[in-house]
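The values are calculated or read from the model by the stated rules, or taken from the named source; none is laboratory data. Remember, predicted model here, so these are calculated numbers, not experimental data. Note that we place each Cβ from the backbone using ideal geometry, even for glycine, and neighbour counts take in every protein chain shown.
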């Protein structure tokens, strides 16, 4: 299984900035091959200093989550 190396660039104060395309590649690697390192990169991006990167990571993790979406749960509970 290929290794997923973090693709990030140092920013101010020693924090990292992750690339959205890299996060998407991690999403595909996790979804297709269940590469744990790719999943860990997505989870680590949830703590990124960039709000947009955090949002992208959250969306990508929700897409590959085996859990049902909250809206789907709500609509099922409203059925008679």
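Structure notes:
- Residue match in the range 6-18 (condition: modelled with pLDDT under 95 and closer than 12 Å to residue 57 by Cα): yes
- Test: residue in the range 28-40 that is modelled with pLDDT under 60 and loosely packed, with under 11 Cβ neighbours inside 10 Å: no
- Residue list for the range 44-80, filter: at pLDDT 90 or above, in a helix (DSSP H, G or I) and out of contact with any helix residue (DSSP H, G or I) (no Cβ under 6 Å at 6 or more places or on another chain): 44, 51, 52, 54, 55, 58, 59, 62
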